[in-house]
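One structure below.
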Amino acid sequence: MTKQFLDLAAPQIAGLTPYVPGKPVTELERELGISGSVKLASNENPLGCGEAARAAYVAAAAELGRYPDGAGFALRRAIAAHHGVASEQVTIGNGSNDVLDLVARVFLHPGQESVFSEHAFAVYPIATMAAGARARVAPARDYGHDLEAMAALVNERTGVVWIANPNNPTGTWIAAEPLQAFLSTLPKHCMAVVDEAYFEYVDEADYPDTTRWLDDYPNLIVTRTFAKIHGLAALRVGYGLSHPHVAELMNRVRHPFNVNAPAQAAAVAALEDLDHRTRSIAHNHREMARVTAGLAALGLDWIPSVGNFISVDLGQPVGPIDGALLREGVICRPVANYGLPTHLRISIGLADENERMLAALARVLGETSRFGAG
Ligand SMILES: *Cc1c(COP(=O)(O)O)cnc(C)c1O
């Protein structure tokens, strides 16, 4: 980027590095001239969405000439009923990333700071910096959030604290008690965002549903998404739950038609489809076991994950191994940009996709160690 153009941008934009998404299958296949590759790079639900959501999406195609309901009345009502909160507490977003961005635009401005953990989700620094605020990064503990280290960075300039529970790309999680203690000591002028994108996958007794705490903490914003367990990543729907006045502030800057009509319809149907969620969770547990067993057989280490992905420590910079996996048609996600240069994040796929990934990894590692020896 030349200075001539950089100088045109607002100063906070000039300093930004863009989010790096998982490589789309079509792009990889075009580059390498291959076909039939598998994508385990974006933590999508390998089962896709449920039948009811698909049917609602297709039915919505009859009305493509109409603007969506800008207020998302039916969707907000369904989300509110699902969580036992009021519709006024719901902010809908074009994916939960959109909600994170709304939080930053409303609650951060130049001169302020946001606090998050090392190895935390990449959207937090982007949203913070785009709002002209400064990112303060607390060191992680055992790859996960160290809430004491985060609390130590909170001061009178802190507008937002971002917490991913579980975190991506580490798959680490925070138990109810320490999280509650953290929220209780957080100053009232500071918003706490708890990003629960992988909530449904977690099967730990002490894992909190922070939507239950909304009445206790007027500065709490919980975000959820339809992109992961609901299998609707393509449609971009997420939401925030908060105090009604916090939601009202975010609705002041929300684009009126930020969630399109087929997405709203599919999301309502997905919320009602408990069977699909149950199937998806069971699939993830079963396949996570297959993947960890396979990784153990290869003598590899990983960060224990409660999500639908796992970050594997290859013990060396992952570039060459990732490149060799891509040539095998297996797309995973290097996470060096998360401060994890020797880890490769692998999403849990269908059984045959996971088998294929493990076989490719075995071949690639075998070849790498042969090169190393020779
Ligand atoms: C995938 C993910 C999201 C969801 O983003 P969407 O915009 O809803 O697709 C949010 N937070 C984290 C930590 C994630 O990994």
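Just so you know, all these numbers are worked out from the coordinates, no wet-lab data involved. All figures in this text were calculated on a predicted structure; none of them were measured in a lab. All Cβ positions, glycine included, derive from the backbone under ideal geometry; neighbour counts span all protein chains shown.
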- Query: Within the set of pairs 6+ apart or on separate chains, which have a first residue in region 245-261 that is without any contact (Cβ under 8 Å) to a residue 40 or more places away in the chain and under 26 Å from ALA59 (Cα atoms), a second that is exposed (fewer than 13 other Cβ atoms within 10 Å of the Cβ) and aliphatic (A, V, I, L, M), and C-beta atoms under 8 Å apart?
  - Reply: none
- Please verify whether region 110-125 includes one or more residues that are more than 19 Å from the chain's Cα centre (by Cα) and surrounded by fewer than 16 Cβ atoms within 10 Å (Cβ to Cβ). yes
- Note on the structure: Of the residues in region 223-256 that are more than 14 Å from the chain's Cα centre (by Cα) and part of a loop (DSSP other than H, G, I, E, B), the one that is farthest from the ligand (Cβ to nearest atom) is HIS243
- Query: Mind checking which residues of region 144-162 are in a helix (DSSP H, G or I) and of a type in the set (A, V, I, L, M)?
  - Reply: LEU147, ALA149, MET150, ALA151, ALA152, LEU153
- Item | region 82-91, subset part of a helix (DSSP H, G or I) and in contact (Cβ under 8 Å) with a residue 60 or more places away in the chain, residue farthest from the ligand (Cβ to nearest atom) | GLU88
- Item | Cβ-Cβ under 7 Å pairs, at least 6 apart or on other chains, region 188-217 side more than 23 Å from ALA282 (Cβ to Cβ) and in contact (Cβ under 8 Å) with a residue 12 or more places away in the chain, far side within 16 Å of the ligand (Cβ to nearest atom) and among the charged types (D, E, K, R) | THR210/GLU196
- Message: Taking the conditions exactly as written (surrounded by 14 or more Cβ atoms within 10 Å (Cβ to Cβ), among the acidic types (Asp, Glu) and in contact with a strand residue (DSSP E or B) (Cβ under 6 Å, 6 or more places away or on another chain)), does ASP313 satisfy them or not?
- Response: yes
- Message: Give me the residue from region 92-143 that is under 22 Å from PRO68 (Cβ atoms) and assigned to a strand (DSSP E or B) and, out of that set, farthest from the ligand (Cβ to nearest atom).
- Response: ILE92
- Message: Out of the helices (runs of 4 or more DSSP H) lying entirely within region 1-58, which hold 2 or more residues that are free of Cβ contacts under 8 Å to residues at least 24 places away in the same chain?
- Response: 3-6, 25-32
- Of the conditions (1) more than 22 Å from LYS23 (Cβ to Cβ); (2) within 23 Å of the chain's Cα centre (by Cα), GLY294 clears all except one; give me its number. (2)
